[in-house]
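Take a look at the structure below.
The values are calculated or read from the model by the stated rules, or taken from the named source; none is laboratory data. This structure is a prediction, so every number in the text was calculated from the model and none was measured. Cβ placement follows ideal geometry from the backbone for every residue including glycine, while neighbour counts extend to all protein chains displayed. These area figures cover heavy atoms from the full protein model, side chains too; ligands, DNA and RNA do not enter into them. Shrake-Rupley method; radii C 1.70, N 1.55, O 1.52, S 1.80 Å.
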Amino acid sequence: MALETVEAPLTGTIIDVKVSVGSNVKERELMFLIESMKMENPVFAPVSGVVTEIKVSPGQRVKNREVLAVIEY
C-alpha cells in the first residue's frame with residue numbers, strides 16, 4: 001500500500017469536511033470545501049483508497065499546499 005496526501009489548492013478556511021477517517025473514497029470524490037475570497041472551492045480525492053488521517057476541521061484556516069488528509073491506496 002502507498003500513501004497519498006490531499007493538499008489545499010489555495011489559502012482559505014475549511015467550511016466542510018465530507019469524509020472521516022476510515023472512509024473509502026473514489027478518485028475525484030468531494031472531500032473538503034474551502035472558502036476563499038467569498039467563493040466555495042471543492043477539494044477532490046486525488047486517488048481511490050481509504051482515508052487514514054484528517055488534519056483539519058471546519059473553521060480552520062489553511063495555507064496553499066497544506067496537507068488536509070492522507071489516503072492509503
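Which ranges mark the strands (runs of 3 or more DSSP E) fully within the chain that have 1 or more residues being without any contact (Cβ under 8 Å) to a residue 12 or more places away in the chain and either touching a Pro at 6+ places or on another chain (Cβ under 7 Å) or open to solvent by 50 Å² or more (accessible area, probe 1.4 Å) (or both)?
Output list reads 39-44.
Residue by residue, here is whether (1) aliphatic (A, V, I, L, M); (2) over 12 Å from the mean Cα position of the chain (by Cα) holds:
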{"position": "Val17", "(1), (2)": "yes, no"}
{"position": "Leu33", "(1), (2)": "yes, no"}
{"position": "Met39", "(1), (2)": "yes, yes"}
{"position": "Val43", "(1), (2)": "yes, no"}
{"position": "Gln60", "(1), (2)": "no, yes"}
{"position": "Lys63", "(1), (2)": "no, yes"}
